[in-house]
Amino acid sequence: MMKNLVVVVGSLIVAFAFNCFLVPFGILSSGLSGIAILIGLLTPFNIGAMNFLLNLPLLILGYYKLGKTITINTLICVASLSLFLYLLPEVAITDNMLLSTVFGGGIGGIGVGLILKYSGTSGGLDIIAIMVSRVSSFSIGLLLTGMNGVIVLISGFIFDWEIALYTLLSIYITGKMIDTIFTDHVKLTMQIVTTKGHAIRDELLASIYRGITMSEGYGGYTQEKKDILMMVLTRYETLHVKSIVRKHDENAFINMFETVEVDGKFHRNN
């Protein structure tokens, strides 16, 4: 419940940044919300409603490709962000475009950082990036950068290149703020000590595109036989992995630590 509350608060912060700093000046954000802003600026459609409609097909796709847990987390984020975008008035806090770009990007980054930290994904292009990264050598960060670059180009062609540059600055500041709160490109090594190793391994291999090393151990006090699973993943995947582990073994011991370097295949072969 606390996790969902933080996600809702993060969505409110993002909506405030959009409607009070970026949207009044025609500055786009990153991701599908940026496309929703673009459509809202060019048509009578409400930005919040467009944000939800654009995310809906990806939520359905994510349910089949990424699993129920990530999809539910994403749905809470998308629904709350869309609602707040619909309800909050589009009123500029300042008439200075540069100040709006800096504060809109920074405040929006705080909101997205909170969402990613407690939800794992903010929806939209995140879902596409996660799915593509699982079947390719491209990192999630690189994929999102490329897709956001397309949004900047669209902004330049439809509006003008000055607004496109402000959009680029806003996206950059948002990214730096997200990195302060939540760093998606950091690799983590996860060690799982459990009595349900085979069941956990089977579900992880079916839903996580990573290799798993499995070995046997014994409890130091109980001498009970344990399975030890080790895998390297990104922060985007940790919540999903932990939910799978807890589903099979509430008493499993999970140890995570930052990985400095990965030498070898990070993705599991098909």
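Scanning segment 37-65 for residues that are among the small types (Gly, Ala, Ser) and touching a residue at least 40 places away in the same chain (Cβ under 8 Å) yields a count of 1.
Could you please give the count of residues in segment 160-170 that are in contact (Cβ under 8 Å) with a residue 60 or more places away in the chain and crowded, with 19+ Cβ neighbours inside 10 Å?
Number satisfying all stated conditions: 4.
Looking across segment 198-255, not a single residue is within 18 Å of ILE72 (Cα to Cα), free of Cβ contacts under 8 Å to residues at least 40 places away in the same chain, in contact with a strand residue (DSSP E or B) (Cβ under 8 Å, 6 or more places away or on another chain) and surrounded by fewer than 16 Cβ atoms within 10 Å (Cβ to Cβ).
Would it be correct to say that PHE21 is open to solvent by 20 Å² or more (accessible area, probe 1.4 Å) and in contact (Cβ under 8 Å) with a residue 24 or more places away in the chain? For PHE21, the condition - open to solvent by 20 Å² or more (accessible area, probe 1.4 Å) and in contact (Cβ under 8 Å) with a residue 24 or more places away in the chain - is not met. The set of residues in segment 209-238 being at pLDDT 85 or above, in a loop (DSSP other than H, G, I, E, B) and touching a Phe, Trp or Tyr at 6+ places or on another chain (Cβ under 9 Å) consists of GLU224 alone.
In segment 59-97, of all residues being open to solvent by less than 40 Å² (accessible area, probe 1.4 Å) and within 23 Å of LEU204 (Cβ to Cβ), the one that is farthest from the chain's Cα centre (by Cα) corresponds to GLY67.
Condition check for SER29 on (1) at pLDDT 90 or above; (2) assigned to a loop (DSSP other than H, G, I, E, B); (3) of a type outside the set (D, E, K, R): one failure, at (1). Filtering segment 171-196 to residues that are modelled with pLDDT of 90 or more, open to solvent by less than 60 Å² (accessible area, probe 1.4 Å) and in contact with a helix residue (DSSP H, G or I) (Cβ under 7 Å, 6 or more places away or on another chain) leaves MET190, ILE192, THR194.
The values are calculated or read from the model by the stated rules, or taken from the named source; none is laboratory data. From a predicted model like this one, the values you see are computed outputs, not experimental measurements. Every residue, glycine as well, gets a Cβ built from its backbone with ideal geometry; the counts of neighbours run over all protein chains shown. Heads up: the accessible areas ignore ligands, DNA and RNA and are worked out on the full protein's heavy atoms, side chains in. Shrake-Rupley method; radii C 1.70, N 1.55, O 1.52, S 1.80 Å.
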